[in-house]
Amino acid sequence: MTPSITLQELLGWCEQSADFWKVHLDANPALLQLPCGIGGNADVQAFVRHIWGAELVWSQIICGLPVTDYDVWPTGPLDALFDLHLAAIRNFRALLENPNMNWDECSVHYPWRRPEAPKPSPRKALAHILLHSQRHWAQLSTLVRAAGLPSGFLGDLLACSALD
Amino acid sequence: MIPAITFEELLAWSSQSANFWKAHLDANPALLSLPCGIGGTADVQALVRHIWGVDLLWSQRLAGLPQRNKDDWPQGPLDVLFDLHLEAVGNFRSLLNDPGKSWDERLILDRPGIPPEASRPTHRKVLGHALLHSQRHWAQLATLLRNAGFPSGFKGDLLFSSGLE
């Protein structure tokens, strides 16, 4: 057996991290106004919009659905941004429950792909976006700690209950 | 088929990221002295020491090898810190090449910061954790350097890894 992590488990981790930050930012709304800069985002709220909006866009790309334009994403409030994440999760679940999905075909075209860049398989694209948020939550955790407002976020996979 | 990412693929991504930072920090050694603070480390060199030292620590734990105490890890230079990573990669490869390895076996962790419900992870989970721990820290380091006015050009997303298609 080749040891691995299933995309279902990565999805569980993704949900747990998103749920943590939704609760934490709901309880500490002033954090949303902190200056950010990561990925060119002016403040934490814009950064969270990037994280959850990217999930939705990738879920639509992998599903072959029309892609919600960046300019159409809501800019807030937090509940509306979280809805982007929830819509993405529904799409991810539909993908994972589709028995006809060809996970290894390098067929995923994303609009900003450079011609020389290979098309990823749905497996790689889904793993990418499920880990994209984890990397950004780690950055956000550092940002709020550096601002004197540590979140207590346990972002390591070790702390995730989606896998044993 | 349940879609999954193999640990071979995660190991390749880990190695690619480590190789990027080794080359980048070799070419820009002044970055190593930048103040840091991530994980309580004083500067970038200490953060890199943490990242690669932890790689080694988990690899030794999973392989049942004696663990080198954190206080005995070298402070530097970068080449010596990178050796910690290379030794870890060797251990990880041995584990992945071992057909008799029981990935469902559990470790008992009694470290502070580990929630009780997460204190008996399988070897599979620990290896997944070990291979992703560095990726989260590299993302933080990329931000730290950019904020300090020294963008690295690091492309840390899995999408850019050639370790899987």
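The values are calculated or read from the model by the stated rules, or taken from the named source; none is laboratory data. These numbers come from a predicted model, not from an experiment. Using ideal geometry, Cβ is built from the backbone for each residue, glycine included, and neighbour counts are taken over all protein chains shown.
Within the stretch B:1-58, the residues that satisfy the criterion of being in contact with a helix residue (DSSP H, G or I) (Cβ under 7 Å, 6 or more places away or on another chain) and on the phi > 0 side of the Ramachandran plot are B:Gly37, B:Gly39. Let me spell it out: the conditions are (1) free of Cβ contacts under 8 Å to residues at least 60 places away in the same chain; (2) within 24 Å of B:Leu158 (Cβ to Cβ); (3) not acidic (Asp, Glu), and B:Arg120 meets all of them except one. Which number is the exception? So B:Arg120 meets the others, but not (2). Remark: pairs (first residue in the stretch B:1-24, at the interface with chain A (Cβ under 7 Å from one of its Cβ atoms) and surrounded by fewer than 18 Cβ atoms within 10 Å (Cβ to Cβ); second residue of a type in the set (Ser, Thr, Tyr) and outside any helix (DSSP H, G or I); Cβ separation under 6 Å; 6+ apart in sequence or on different chains) = B:Ile2/A:Thr6; B:Thr6/A:Thr2; B:Thr6/A:Ser4. Counting the residues of the stretch A:128-164 that are within 8 Å of chain B (Cβ to nearest Cβ), aliphatic (A, V, I, L, M) and assigned to a loop (DSSP other than H, G, I, E, B) gives 2. Number of residues in the stretch B:90-111 that are within 19 Å of the chain's Cα centre (by Cα) and surrounded by fewer than 10 Cβ atoms within 10 Å (Cβ to Cβ): the value is 1. Screening B:Asp110 with (1) at pLDDT 95 or above; (2) in a loop (DSSP other than H, G, I, E, B); (3) of a type outside the set (A, V, I, L, M) gives one miss only, at (1). For B:Ser152, only one of the following conditions fails: (1) buried (at least 19 other Cβ atoms within 10 Å of the Cβ); (2) within 11 Å of chain A (Cβ to nearest Cβ). What is its number? With respect to (1) buried (at least 19 other Cβ atoms within 10 Å of the Cβ); (2) within 11 Å of chain A (Cβ to nearest Cβ), B:Ser152 is out only on (2).
From B:His129, B:His123, B:His137, B:His133, grab the single residue that is within 20 Å of A:Leu143 (Cβ to Cβ), surrounded by fewer than 22 Cβ atoms within 10 Å (Cβ to Cβ) and modelled with pLDDT of 95 or more. Spell out the reasoning first.
Numbers: B:His129 fails: within 20 Å of A:Leu143 (Cβ to Cβ); B:His123 fails: within 20 Å of A:Leu143 (Cβ to Cβ); B:His137 fails: surrounded by fewer than 22 Cβ atoms within 10 Å (Cβ to Cβ).
One residue alone meets the criteria, B:His133.
Here A:Val57 meets the list (1) closer than 17 Å to A:Ser133 by Cβ; (2) in contact (Cβ under 8 Å) with a residue 24 or more places away in the chain; (3) not polar (S, T, N, Q) almost entirely, failing just condition (2).
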